[in-house]
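Novice: I'd like to ask some things about the structure below.
All of the numbers you see were taken from the coordinates with simple rules; none came from a lab. As the structure is a computational prediction, the values presented were derived from the model and not from experiment. Don't worry about glycine lacking a Cβ; one is built from the backbone with ideal geometry, like all the others, and counts go over all protein chains shown.
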């Protein structure tokens, strides 16, 4: 079996976009967390997947939520990523957002967003893979916020 530190170092060489996944809990309260484990899965039908650690603070919300929204962050939104990765009691306090078409928060000024209905959940190691059917989305011009080798990076293109 590969050493966990080596595994983390190798995976750190893969640059990824940064997202904030949002959802509502059973009482209708908004929750969100920074997620880099996001990928497109299928064009027909349009599906995406996110991977959430079973020990993540938002794991119980996503275990029962019927929808989630993936907010793809723009290059100037590092502070927003850090906020939703941190341990704030109310991550949405002072954060601009609107209600998306499925009811989940869509953060202001994101590069793009995808409103998804949960179609499958799969336990995998210390994570759960959620597959979402994309029901609505939008995008704007700009550059993405990237994560590479343990830090934030910007696209130089």
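Novice: What residue among 38, 92, 68 shows peak mean-square fluctuation when the chain is described by a Gaussian network model with Cα springs under 10 Å?
Specialist: 92
Novice: With a point put 7 Å past each Cα toward its Cβ, work out how far residue 15 is from residue 39 in nm, to one decimal.
Specialist: 1.9 nm
Novice: Something else about it: If each of residue 29 and residue 121 carries a label point 7 Å out from its Cα toward its Cβ, how far apart are those two points in nm?
Specialist: So the label points at residue 29 and residue 121 sit 1.9 nm apart.
Novice: Using a Gaussian network model on the chain with a 10 Å cutoff between Cα atoms, which of 120, 44, 135 fluctuates the most?
Specialist: Maximum fluctuation in the GNM of the chain, among the listed residues, is at 44.
Novice: Starting from the Cα-Cα distance between residue 93 and residue 152, subtract it from 0.36 nm times their residue separation and give me the gain in nm to one decimal.
Specialist: Details: separation 59, 0.36 × 59 = 21.24 nm, distance 2.33 nm.
Once the chain is fully extended between residue 93 and residue 152, it gains 18.9 nm.
Novice: Order 51-61, 107-117 from most to least packed using the mean count of other Cβ atoms within 10 Å. Please list the in-between numbers first.
Specialist: On the way: 51-61: 15.9, 107-117: 20.5.
In descending order of packing, they fall as 107-117, 51-61.
Novice: Using the basic label-point model (7 angstrom from Cα toward the beta carbon), what is the residue 54 to residue 140 distance in nanometres?
Specialist: 4.0 nm
Novice: Then there is this: How do 87, 64, 19 line up, fewest other C-beta atoms within 10 Å first? It would help to have the intermediate numbers written out before the result.
Specialist: Numbers: 87 6, 64 11, 19 30.
Least to most surrounded, the residues fall as 87, 64, 19.
Novice: Determine, for 5, 75, the number of other Cβ atoms within 10 Å of each Cβ, and report the residues in order from fewest to most. Please list the in-between numbers first.
Specialist: Values: 5 8, 75 16.
The most exposed by this proxy come first: 5, 75.
Novice: In the Gaussian network model of the chain, springs joining C-alpha atoms below 10 Å, which of 50, 129, 72 carries the largest mean-square fluctuation?
Specialist: In the Gaussian network model the winner is 129.
Novice: Could you sort the peptides 21-27, 138-144, 121-127 by per-residue average Cβ neighbour count (10 Å cutoff), highest mean leading?
Specialist: 21-27, 138-144, 121-127
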